[in-house]
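Read-outs: derived from the displayed coordinates by stated rules, not from any lab. For clarity, every value in this text was computed on a predicted model and none was experimentally measured. Note that each Cβ is placed from the backbone with ideal geometry, even for glycine, and that neighbours are counted across all protein chains shown.
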Amino acid sequence: MQSSRTKSLPSLFSTVFTLSLGCGGAGADLSPPAAATQPAQPAQPASVTPLPAGEVGATAPLGAVFAAAAQEFAVPQELLIAIAQTETGFYFVPGLAGDAFEGQPAYGVMALRGARLVRGAQLAGVAESAVKTDVRANVRAAAALLRAEADTVGGSDPGLALPGWADAVARFSGLATPEQQADYVDGGVYQVLRRGLPDELARLHGFTLPARQDLPETLRPRPTAPAPEWQPVYYSGATWKPAPASNFTSGRAAKVELLVIHTCAGAWSGCWGWLTTPYPSNPYKTSAHYVVKEDGASVYALVDEVDTAHHVGKPWMGLPTNSRSVGIEHAGFSYQGTNRWTEGQVATSAKLSCDIVKRNRIVRDRDHIIGHYQPDPVNRAEDPGTDFPWADYMSRINTCVGGGGAGIIVDSNQANNGANARFTTPSTSWAASTNVAGYWGSGYYVATTDSVADSATFEFQLAAPATKEVFAWWTAATDRTTTAPFVIFDGAGTKLGTVYKNQQADGGQWVSLGRYGFTAGWNRVAVSRWTTAGSKVVADAIRVE
């Protein structure tokens, strides 16, 4: 049975982690403040023993930690395990903040933060600094907090069955509304209990969690949202969960040309819950168009794509980001270190991105499909994560959009090219430009046509002879030539053909130049100036597949 996440523990829990921010840009010019450095806390009590340096999951520390905390505070061990799986997938969060809970950083396998962290530390009799950096203190604080919530709702009976803990779990979540709490209980913690966890986690962490199919599907009432009176423009695979009017701007001031990838730095229920929390409870009026669950099983559409979500507070390339972008949030934490997103989440996200890109004709490069860190490298340096698999993600989008592999793309900016692609900088008669929108990558070269042997050359390397189709990309305008010459050569320098294209049309898309038999080595496509004089010819990018 598939769990929502399976991750190993960091090798060193007793390290004091540096605070870092995840996602959480807001409307126009608002962003939640960066997490401030915390003042030094008193030394932790002697009863809290940090894990030895270098202790790893093979020694199964978590099983013993959960068991001890469950016994000490008289709470079910399986509930602590299910909460940790729901919150973090057993990742020890090193103080990551994002859209959930007003930008407060989360800590540890139980993702404690803010007032809940402070209260849990007090109830467990440990220092706040220990809760942030020590796995035992973190789990003990969570267990103490769960115990206190159970006492509040009258769940003090030590023999209370698991369903009887649902109200305490709802209060433990810290979520604001009955709908959010119900999602956390039934779709999060108790779903983990109903499904159980795979054997590899038992071997890794030293605990077992068999499936509890006897548990009811619904333990908390969940209100049903009324159907919208209009049909929002959103991905057909998503469920409509509208954000309040305070959290987005009706309409757009610009054409959609960007897709922004975020991480929420919080679990699913808190992620979509915060983005649908109205102002002033959500003081930054934060939202996004979509949220993808950790396991990829659910996608919520929060804002109609014709409207402007408040998800990035900084401009990108000198222009406002929100008005010209679609934003996708991802439940969970930054993709970095031991924290890897599930295949389900990455695959679902790429499929969603493919749909958005196709419908909005967004250019498929890293200037138009971006992470939140790009417009806001100071406050959102780890959003969506320093190890996010951009090459794989872009390949998935390209494969989906094109119905096949992206092949080799050669851009007119060499910095955008891989090891098997290169662009030869043309003569000074060619000028770098971004004047006409719809270019591939970060710009293009343009020159005046004339009877002169002067070309911009795209080269691609093949490991073996192969027949490939060649495509070209350009920006269209009325001053362009209608007979732009594309000359194709193999690795031996043999000319395979010349194709003339009308660059006043078909701009901003891949246009086929035909199929050719290429040799192993470096083959090339030259865009020549030699055609009827007085017009402009563009060299932007080619693709070979």
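Rg and Dmax over the alpha-carbon atoms of the range 415-480 stand at 13.9, 40 Å. The magnitude of the dipole of the chain, with charges of +1 and -1 set on the Cβ of Lys/Arg and Asp/Glu and taken from the Cα centre, is near 760 debye. Spatially, the range 72-123 and the range 230-262 are offset by 30 Å when compared through their Cα centroids. Only the Cβ atoms of Lys and Arg (+1) and of Asp and Glu (-1) were treated as charged; on that basis the dipole of the range 88-199 about its Cα centre amounts to roughly 320 debye.
For the chain, the longest principal axis of the alpha carbon atoms and the long axis of helix 114-124 meet at an angle near 30°. Over all orientations, the range 239-401 has a Cα convex hull whose mean projected area works out to 8.6 square nanometres.
Among the listed values (1) 25.5; (2) 26.5; (3) 24.5, the one computed from these coordinates for Kirkwood radius over Cα pairs in Å is (1).
Considering only DSSP beta bridges with both partners in the range 239-401, what is the antiparallel share in %, to the nearest 5? That works out to approximately 40 percent antiparallel.
Would you mind telling me the antiparallel percentage of the DSSP bridges in the chain, rounded to 5? About 80 percent, rounded to the nearest 5. With the simple model of a label 7 Å out from the Cα in the direction of the Cβ, residue 202 to residue 533 spans 8.3 nm. Helix-only arithmetic for the chain: the sum of -39500 (n - 2.57) across DSSP H runs with n ≥ 4, divided by the residue total, places the mean residue ellipticity at 222 nm at -7000 deg cm²/dmol. Ranking of 462, 79 by neighbouring Cβ atoms within 10 Å, starting from the fewest: 462, 79. Put simply, the convex hull of the Cα atoms in the range 408-544 casts, on average, a shadow of 7.1 nm². Think of the range 408-544 as a dipole: +1 on every Lys or Arg Cβ, -1 on every Asp or Glu Cβ, centred on the Cα centre; then among 503, 412, 542, 542 lies furthest on the positive end. Entry note, the chain: relative contact order of 13 percent, from Cα contacts under 8 Å with a spacing of 6+ residues.
The lysines within cross-link reach of residue 468, meaning a Cα-to-Cα straight distance under 16 Å and a gap of 8 or more places when in the same chain, are 495.
Our summary gives the range 408-544 a relative contact order of 35 percent, counting only alpha carbon pairs under 8 angstrom and 6 or more residues apart. At a 10 Å Cβ-Cβ cut-off, how would you order 294, 545, 329, 102, fewest neighbours first? Ordered from fewest to most neighbouring Cβ atoms within 10 Å, 294, 545, 329, 102 come out as 545, 102, 294, 329. Taken about its Cα centre, the range 408-544 carries a charge dipole of about 160 debye when Lys and Arg each add +1 at the Cβ and Asp and Glu each add -1 at the Cβ.
Projecting the Cα atoms of 527, 493, 437 onto the dipole axis of the range 408-544, where Lys and Arg carry +1 and Asp and Glu carry -1 at the beta carbon, places 493 farthest toward the positive end.
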